[in-house]
Amino acid sequence: VLPEESGGGLVQAGGSLRLSCSASGSMYTGYAMGWFRQAPGTERSVVATIGWNSDVTYYDDSVKGRFTISRDNAKHTVYLQMNNLSAEDAAVYYCNSVFYSGTYWYQMYDHWGQGTQVTVSS
């Protein structure tokens, strides 16, 4: 079962959005989870990750201080609160289970949901 991302949309620069990702138990339970994004012409890259117990978080430098990742394990849902959005944040956002290689975060599965589009107007 693929994850289901939602919450994207059109927002003015400086605005906020809250993304949600609902994942099945087999993908979610016990795993760290992460948000990724992919803009046209670029590779998908990790934005933020959170440990199973929400004890550890990671943020890409480009979003530190503006984005906050959280999770509700009872609901199998991961959130991404995005504040002070800029044109550089425009992309399709995806979620997946993640693991840390020692140097970088990677998706656990090669199966992706449809993602949710974030568009930022100036």
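Could you tell me whether Tyr93 is among the hydroxyl-bearing types (Ser, Thr, Tyr), more than 18 Å from Asp55 (Cα to Cα) and open to solvent by 40 Å² or more (accessible area, probe 1.4 Å)? It is false that Tyr93 is among the hydroxyl-bearing types (Ser, Thr, Tyr), more than 18 Å from Asp55 (Cα to Cα) and open to solvent by 40 Å² or more (accessible area, probe 1.4 Å). Quick check: is even one residue across the stretch 104-115 open to solvent by less than 30 Å² (accessible area, probe 1.4 Å) and not in a loop (DSSP other than H, G, I, E, B)? Checking the stretch 104-115: not a single residue is open to solvent by less than 30 Å² (accessible area, probe 1.4 Å) and not in a loop (DSSP other than H, G, I, E, B). The requirement of being touching a His at 6+ places or on another chain (Cβ under 7 Å), exposed (fewer than 15 other Cβ atoms within 10 Å of the Cβ) and either under 18 Å from Leu2 (Cβ atoms) or not polar (S, T, N, Q) (or both) is not satisfied by Gly65.
Looking at the stretch 69-90, is at least one residue part of a strand (DSSP E or B), of a type in the set (D, E, K, R) and open to solvent by 40 Å² or more (accessible area, probe 1.4 Å)? Within the stretch 69-90, one or more residues are part of a strand (DSSP E or B), of a type in the set (D, E, K, R) and open to solvent by 40 Å² or more (accessible area, probe 1.4 Å). Restricting attention to the stretch 21-36, the residues that are open to solvent by less than 30 Å² (accessible area, probe 1.4 Å) and either under 15 Å from Gln117 (Cα atoms) or of a type in the set (Ser, Thr, Tyr) (or both) total 5. Among the residues of the stretch 1-58, those that are within 11 Å of Val98 (Cβ to Cβ) and not hydrophobic (A, V, I, L, M, F, W, C) comprise Tyr31, Gly34, Thr49, Gly51, Tyr58. Just one of the numbered conditions (1) polar (S, T, N, Q); (2) loosely packed, with under 13 Cβ neighbours inside 10 Å; (3) within 24 Å of Gly65 (Cβ to Cβ) is not true of Ser101: (3).
The rows are residues; the columns are (1) in contact with a strand residue (DSSP E or B) (Cβ under 6 Å, 6 or more places away or on another chain); (2) polar (S, T, N, Q).
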residue	(1), (2)
Leu10	yes, no
Gly14	no, no
Leu17	yes, no
Gly25	no, no
Thr29	no, yes
Gln38	yes, yes
Glu43	no, no
Thr49	yes, yes
Thr77	yes, yes
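Checking the stretch 82-105 against the condition returns a match, with at least one residue being touching a strand residue (DSSP E or B) at 6+ places or on another chain (Cβ under 6 Å), β-branched (Val, Ile, Thr) and in contact (Cβ under 8 Å) with a residue 40 or more places away in the chain. For the stretch 37-60, the candidate set comprises residues that are closer than 15 Å to Asp72 by Cβ and touching a Lys or Arg at 6+ places or on another chain (Cβ under 8 Å); within that set, the residue that is most open to solvent (accessible area, probe 1.4 Å) is Ser54.
The values are calculated or read from the model by the stated rules, or taken from the named source; none is laboratory data. Since this is a predicted model, take the numbers as computed values, not measurements. All Cβ positions, glycine included, derive from the backbone under ideal geometry; neighbour counts span all protein chains shown. Please note that ligands, DNA and RNA were not included when accessible areas were found on the heavy atoms of the full protein model with its side chains. Shrake-Rupley method; radii C 1.70, N 1.55, O 1.52, S 1.80 Å.
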